[in-house]
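Before any comments, here is the structure.
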Amino acid sequence: MEDHKYYLKQNAQIDPLFNYWYAYPQLISPATAAMHIANSHLKIMNSYVMSPDVHAAAVKNPAMRGGPFIDFQSNRVNEIRELMSKTQSKQAHMIKLAEAIKSLNDLLASEAKGYSIEALYPKVPMELRGYVELVYDLNHNPSFRLLESLLYKSEYYDPSSQSVILSLVESDDRPFAYSTPRLEEEGRLQLNIAFSHPGIDELFKMREVPQTFSYIKDALGLKNGQEAMLATFLTEAMPPKTPKYEGDSVRIRYFGHACVLIETKDVSVLTDPVISYDYANNDDGNRYTYADLPETIDYVVITHSHADHLMFESLLQLRHKIKNIVVPRNGGGSLEDPSLKLVLQNTGFKNVIEVDELDSIEIEGGSIDAVPFLGEHADLNIRTKTAYLVRLGGKQALFMADSNNLEFMVYDHIHRLYGDIDVLFIGMECDGAPLTWIYGSLFSRAIDRKMDRSRRLSGSDFESALDIVNRLNCKKAYVYAMGQEPWLCYLTSIKYTSESRPIVESDKLVEACKQQGTFCERLYGSKEIAI
Ligand SMILES: [Fe+2]
Ligand SMILES: [Fe+2]
């Protein structure tokens, strides 16, 4: 076995975990992670331990899909109880940090009335002392700015809370990722390594370049007894190889959701990587997988921080081949808008480039420009969101992800600056979840239900999207980022019917475009587009 070289199987999957919960950006940044531990993870686990049958029934109910319910039968109560008490002791300082954030909000509400805020510094809870600046906005509303980079250098950022699980994907059917912690299961290899561990890169390089068993065993720092499980992920069979793109024009390949690969023979750009797996008996034949990506990716661009757009599971598998990763800059210190640059740098990504609106990155044969992204964040002041205009071969492709056309005049300005768009990619998840679905754990006070429901995470509907198509004089429009692909259900919890609003609205867009002579299609699965 020692002399043989092995490839990693194409269906090897990595689950990135934080305290055994599926990881997303808010679980990396220390202050938001603290709020999620205290206000989400512990509460969900406690609720399951109290009434496991309620959880088991809720996950079976399609109307409750994506809700805060643990997807186990009642036989896992002891294990969840154990995880809960482990979290309470190992994360005691994080729970205190979450309490301190609440206390600071209470302090500001009761004592900062527009007069000098300086006297409040000694009253800041100890856990936050030295990590915040107290500020007013121009209407004298008090708040605080987190010194986020300092928090990453403190006990509040502990990479030993991160771990990964390796397993083999045998079907698209996976339990909803965000509300069920991972427990020990057969057929999985649990590795207590941080996301930045270089062994992760060595492992995923083996999808293309074989290595000996001892090489990868050492790279991952495997413990005795884990070898047999690692061996199940390896194969001597040579994987399929995709030839490098050498065409003269720009080639665009849709990989599912908001993930699109744009290539010329000189450069490659990949948006919001969410890559599906190739597994035996995958019968739809309608997907690109890891084997369809080039040897190196020059630029990965991330549109926003939502977990279906900045997805660690795919990013960790690609990290070794990503030359640059582009993210929108945050607003600087508000709890709800953590820095994506810090999230990625602290999880082992090199060459992270932050962009502001209208920033332009020169690339071989063109540029990547950051274009304003409005809405879809429940009216919170979140700056970590941008659309990208990729200019290559004299063509302009605009990737808008979940942008919502809240103010049509923005698109007049964009058109004035950049001119006509050759290909538009627009998300139309217009039936978005309420504010609390993603941001609920960050609030210190309960939110009125009516208020919550009025503030949604919605992308463009028919009228908004058609307006963008026309204002930007788009030659072609594709609806994407619908979360519709079967391999994404565990992330998006979306199962559309023909009556679902995003389907109805995007059908209307396709029809209206057809009437006016603009090419338009809703993407699903995979697609190659030449421009
Ligand atoms: Fe989103
Ligand atoms: Fe999305």
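The values are calculated or read from the model by the stated rules, or taken from the named source; none is laboratory data. Quick caveat, the model's predicted, so the values are computed rather than measured. Neighbour counts are summed over all protein chains in view; Cβ atoms, including those assigned to glycine, are modelled from backbone coordinates with ideal geometry. For the accessible areas, the whole protein counts, side chains as well, though only heavy atoms, and no ligand, DNA or RNA atoms are used. Shrake-Rupley method; radii C 1.70, N 1.55, O 1.52, S 1.80 Å.
Remark on the stretch 19-104: ratio of C-alpha radius of gyration to 2.2 N^0.38 Å is 1.14.
Peptides 484-497, 77-90 ordered by packing proxy, namely the average of other Cβ atoms within 10 Å per residue, highest first: 484-497, 77-90. Extension gain for Ser74 to Gln226 (0.36 nm times residue separation, less C-alpha to C-alpha distance): 51.8 nm. Each of Tyr131, Tyr157, Leu168 was scored by the projection of its Cα onto the charge dipole of the stretch 114-183, and the greatest displacement toward the positive side belongs to Tyr131; charges sit on the C-beta of Lys, Arg, Asp and Glu. So which aspartates and glutamates pass the test for Lys90, namely a Cα distance under 17 Å, with those fewer than 8 places away in the same chain ruled out? The qualifying aspartates and glutamates are Glu79, Glu82, Glu99, Glu127, Glu155, Asp158.
Sorting 150-162, 393-405 by their mean Cβ neighbour count within 10 Å, with the most densely packed peptide first, gives 393-405, 150-162.
Database remark: amide H of Ile353 closer than 5 angstrom to the amide H of Ile325, Val326, Val327 (H placed geometrically; neighbours at sequence offset of 5 or more, or on other chains; Pro and chain starts carry no H). In this structure, the amide hydrogen of Ile297, modeled 1.01 Å from its nitrogen in the peptide plane, lies closer than 5 angstrom to those of Ile322, Lys323, counting only residues at least 5 positions away or on a different chain.
Label separation (Ser367 vs Asn351): 2.0 nm, computed from points 7 Å beyond Cα along the C-beta direction.
Largest to smallest in accessible area, the residues His4, His415, His304, His140 fall in the order His140, His4, His415, His304 (1.4 Å probe, all protein chains included).
Figure legend: label point modelled 7 angstrom from the Cα of Val135 along Cα→Cβ; residues of the stretch 322-337 with amide N under 11 Å from it are 331-335. Pairs exceeding 21 Å between alpha-carbon atoms, taken from Lys385/Lys508; Lys265/Lys527; Lys5/Lys265; Lys265/Lys395: Lys385/Lys508; Lys5/Lys265.
Expressed as a whole percent, the accessible surface of the chain that belongs to carbon and sulfur atoms is 49, based on a 1.4 Å probe.
Contact order, relative form, for the stretch 6-164: 28 percent (alpha carbon pairs under 8 Å, 6 or more residues apart, mean separation divided by residue count). What does the C-alpha gyration tensor say about the overall shape of the stretch 332-479? Classify as rounded when a/c is under 1.5, otherwise prolate if a/b is larger than b/c, or oblate. Since a/c reaches 1.5 but b/c is at least a/b, the shape of the stretch 332-479 is classed as oblate. Counting only heavy atoms of the protein chains and using a 1.4 Å probe, Arg174 has close to 40 Å² of accessible surface. With a ≥ b ≥ c taken as the square roots of the eigenvalues of the C-alpha gyration tensor of the stretch 70-159, please select rounded if a/c is under 1.5 and otherwise prolate if a/b is larger than b/c or oblate if it is not? Prolate.
Just want to confirm a number: the relative contact order over the chain, from Cα pairs under 8 angstrom separated by 6+ residues, in percent.
Averaging sequence separation for qualifying contacts and normalising by length gives 16 percent for the chain.
When cysteine pairs in the chain are screened for C-beta atoms closer than 4.7 angstrom, the residues that find no partner are Cys259, Cys430, Cys474, Cys489. Positive end of the charge dipole of the chain (Lys, Arg +1 and Asp, Glu -1 on Cβ, about the Cα centre): tell me which of Phe425, Gln484, Tyr288 has its Cα farthest that way. Ranked along the dipole, the leading option is Gln484. Going by accessible surface with a 1.4 Å probe and the largest first, Lys385, Lys323, Lys527 read Lys323, Lys527, Lys385.
What is the packing order of peptides 499-507, 370-378, taking the mean over residues of other C-beta atoms within 10 Å and listing the highest first?
Listed from highest to lowest mean packing, they are 370-378, 499-507.
Given a Förster radius of 41 Å and the C-beta distance between Lys495 and Lys241 as r, what FRET efficiency does 1/(1 + (r/R0)^6) yield to the nearest 0.05?
0.75
When a/c reaches 1.5 or more, the comparison of a/b and b/c decides; with that in mind, is the stretch 142-254 rounded, prolate or oblate per its Cα gyration tensor? In terms of gyration-tensor shape, oblate.
Taken about its Cα centre, the stretch 416-531 carries a charge dipole of about 360 debye when Lys and Arg each add +1 at the Cβ and Asp and Glu each add -1 at the Cβ.
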